[in-house]
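*Asks:* Please see the structure below; I have some questions.
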């Protein structure tokens, strides 16, 4: 059986409309992402890769992000009709809310930006503090593509201390804009995304714990993951699957995709998987 390829990407240096200082004059990588099964329903997401670093890794868009972004259109998700996110600007700095889509270890934010287009839902892109300026830049240069009802914001969620999520205002926000803080005891995410988040022996434990902590206990809630099949981290990937199952999740769909060798020089074979809570976990939650 052949492995499907990711959509093509092109790398060009362009002047983005109304660029932020962080994005101006940087090379912009253009990803052509299908939003539905209609061949003409393809949107171009622009991604910059500023010289930022966290956990000894440079900011870069990896093959797994491209594959997962292209696969989202085939992964149907039902969202709550009552979701109210983001909260009004008059809300207190600490806010209780259901986050429609939360991306962990977002990097350049490609997957989360694609999810905003595919699902027409608000998205929060999270990573470590040094990466947030890059996320803000990519949100800014795609502003004309994004719908006001499917806003994208950036913030910090540290997997070693996952109880708190902090969302920062955009670069052009007015000083009065408050930073929003979400406590996992009061807020959950309906969908969690993670692409290429395994590059340490600690990550299976940290990622599974963060997903188990933040994913809403809802039969329609989903965790969507994409991982490059690097030989050096296959053991960590197997461990992650075991830990996700241990917290009560089950994989309901999985597949593989191959990124173009023209666009990526790292591992191009990517495995994606689609997870939900097991029935007994939800029943136990209802019985509390």
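The values are calculated or read from the model by the stated rules, or taken from the named source; none is laboratory data. Predicted, not measured: the structure shown is a model, and the values here were computed from it. Counting neighbours? That spans all protein chains shown, and the Cβs are built from the backbone with ideal geometry, glycine included.
*Asks:* From (1) surrounded by fewer than 24 Cβ atoms within 10 Å (Cβ to Cβ); (2) over 24 Å from residue 30 (Cβ atoms); (3) at pLDDT 95 or above, pick out the condition that doesn't hold for residue 102.
*Replies:* So residue 102 meets the others, but not (1).
*Asks:* Which number in (1) surrounded by 13 or more Cβ atoms within 10 Å (Cβ to Cβ); (2) within 20 Å of residue 85 (Cα to Cα); (3) modelled with pLDDT under 95 marks the one condition that residue 152 misses?
*Replies:* (3)
*Asks:* Quick check on region 226-242. Is at least one of its residues part of a strand (DSSP E or B) and over 21 Å from residue 199 (Cβ atoms)? Talk me through it step by step, then tell me what you get.
*Replies:* Of the residues in region 226-242, the ones part of a strand (DSSP E or B) are 226-228.
Imposing the further condition that a residue be over 21 Å from residue 199 (Cβ atoms) reduces the set to none.
The answer is no; no qualifying residue exists.
*Asks:* Follow-up. On the basis of being out of contact with any helix residue (DSSP H, G or I) (no Cβ under 8 Å at 6 or more places or on another chain) and touching a residue at least 40 places away in the same chain (Cβ under 8 Å), does residue 143 make the cut? Please lay out each step first, then the result.
*Replies:* Numbers: out of contact with any helix residue (DSSP H, G or I) (no Cβ under 8 Å at 6 or more places or on another chain): yes; touching a residue at least 40 places away in the same chain (Cβ under 8 Å): yes.
So residue 143 passes the test.
*Asks:* Among the residues of region 52-63, is any modelled with pLDDT under 60, touching a helix residue (DSSP H, G or I) at 6+ places or on another chain (Cβ under 8 Å) and either assigned to a loop (DSSP other than H, G, I, E, B) or buried (at least 17 other Cβ atoms within 10 Å of the Cβ) (or both)? Walk me through it before giving the result.
*Replies:* Let us first name the residues in region 52-63 that are modelled with pLDDT under 60, namely 52-58.
Then keep just the ones that are touching a helix residue (DSSP H, G or I) at 6+ places or on another chain (Cβ under 8 Å); that gives 52-54.
If we keep only those that are either assigned to a loop (DSSP other than H, G, I, E, B) or buried (at least 17 other Cβ atoms within 10 Å of the Cβ) (or both) as well, we get 52.
Yes: one or more hits.
*Asks:* Here's a follow-up. Of all residues being modelled with pLDDT of 95 or more and out of contact with any helix residue (DSSP H, G or I) (no Cβ under 9 Å at 6 or more places or on another chain) in region 178-210, which is surrounded by the most Cβ atoms within 10 Å (Cβ to Cβ)? Just the residue, please.
*Replies:* 210
*Asks:* What is the residue count in region 216-239 for residues that are under 21 Å from residue 280 (Cα atoms) and out of contact with any strand residue (DSSP E or B) (no Cβ under 6 Å at 6 or more places or on another chain)? Quick ask: steps written out before the conclusion?
*Replies:* Of the residues in region 216-239, the ones under 21 Å from residue 280 (Cα atoms) are 216-224.
Next, only the ones that are out of contact with any strand residue (DSSP E or B) (no Cβ under 6 Å at 6 or more places or on another chain) stay: 217-220.
Looking only at that region, the number is 4.
*Asks:* Here's a follow-up. Being under 26 Å from residue 60 (Cα atoms), surrounded by fewer than 18 Cβ atoms within 10 Å (Cβ to Cβ) and modelled with pLDDT of 95 or more is the requirement here; does residue 239 meet it?
*Replies:* Taking the combined requirement at face value, the residue satisfies it.
*Asks:* Can you confirm whether residue 213 is touching a strand residue (DSSP E or B) at 6+ places or on another chain (Cβ under 8 Å), surrounded by fewer than 18 Cβ atoms within 10 Å (Cβ to Cβ) and within 16 Å of residue 159 (Cα to Cα)? Explain how you work it out, then say what you get.
*Replies:* Working: touching a strand residue (DSSP E or B) at 6+ places or on another chain (Cβ under 8 Å): no; surrounded by fewer than 18 Cβ atoms within 10 Å (Cβ to Cβ): yes; within 16 Å of residue 159 (Cα to Cα): yes.
Answer is no for this residue.
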